[in-house]
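Novice: Have a look at the structure that comes next, please.
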């Protein structure tokens, strides 16, 4: 009876350890899959960041061109017919 009980306990222990091993292996596979998916998402986000950085640089360059003083003055003269007033036409108002 004792020998049978020992073998029964040993069998139950082997089944439990095998089950734990199987569950652990499945968890490893799932975590690796999740890790790969997150890494792919990270790469996509980094690629988007790089595209946005290039776009931002181009916008800054365009802005610097658009706000140049001589360009603004040229547009004011040509499109709005504005001129720099003479000194006698300038009125200084004191507060």
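Novice: Among the residues of segment 71-82, is any assigned to a helix (DSSP H, G or I) and surrounded by fewer than 10 Cβ atoms within 10 Å (Cβ to Cβ)?
Specialist: Filtering segment 71-82 down to residues assigned to a helix (DSSP H, G or I) leaves 71-79.
Remaining after also requiring surrounded by fewer than 10 Cβ atoms within 10 Å (Cβ to Cβ): 78-79.
Yes; the residues of segment 71-82 include at least one that is assigned to a helix (DSSP H, G or I) and surrounded by fewer than 10 Cβ atoms within 10 Å (Cβ to Cβ).
Novice: Is it true that residue 61 is in a helix (DSSP H, G or I), surrounded by 10 or more Cβ atoms within 10 Å (Cβ to Cβ) and over 19 Å from the mean Cα position of the chain (by Cα)? Give the steps one after another, and end with the answer.
Specialist: Numbers: in a helix (DSSP H, G or I): yes; surrounded by 10 or more Cβ atoms within 10 Å (Cβ to Cβ): yes; over 19 Å from the mean Cα position of the chain (by Cα): yes.
The answer is yes for residue 61.
Novice: Any chance segment 52-67 includes a residue that's modelled with pLDDT under 95 and touching a helix residue (DSSP H, G or I) at 6+ places or on another chain (Cβ under 8 Å)?
Specialist: Among the residues of segment 52-67, at least one is modelled with pLDDT under 95 and touching a helix residue (DSSP H, G or I) at 6+ places or on another chain (Cβ under 8 Å), which makes the answer yes.
Novice: Hey, another quick one. Only one of 12, 28 is over 23 Å from the mean Cα position of the chain (by Cα), in a helix (DSSP H, G or I) and at pLDDT below 95. Can you tell me which?
Specialist: Numbers: 28 fails: at pLDDT below 95.
Going through 12, 28 in turn, the sole match is 12.
Novice: Using beta carbons and a limit of 8 Å, which pairs, at least six apart or on different chains, have the first residue in segment 67-83 and free of Cβ contacts under 8 Å to residues at least 12 places away in the same chain and the second one part of a helix (DSSP H, G or I) and surrounded by 10 or more Cβ atoms within 10 Å (Cβ to Cβ)?
Specialist: Cβ pairs passing all conditions: 82/76; 83/77.
The values are calculated or read from the model by the stated rules, or taken from the named source; none is laboratory data. Only a predicted model underlies this, so the values are computations on that prediction, with no experimental measurement involved. Using ideal geometry, Cβ is built from the backbone for each residue, glycine included, and neighbour counts are taken over all protein chains shown.
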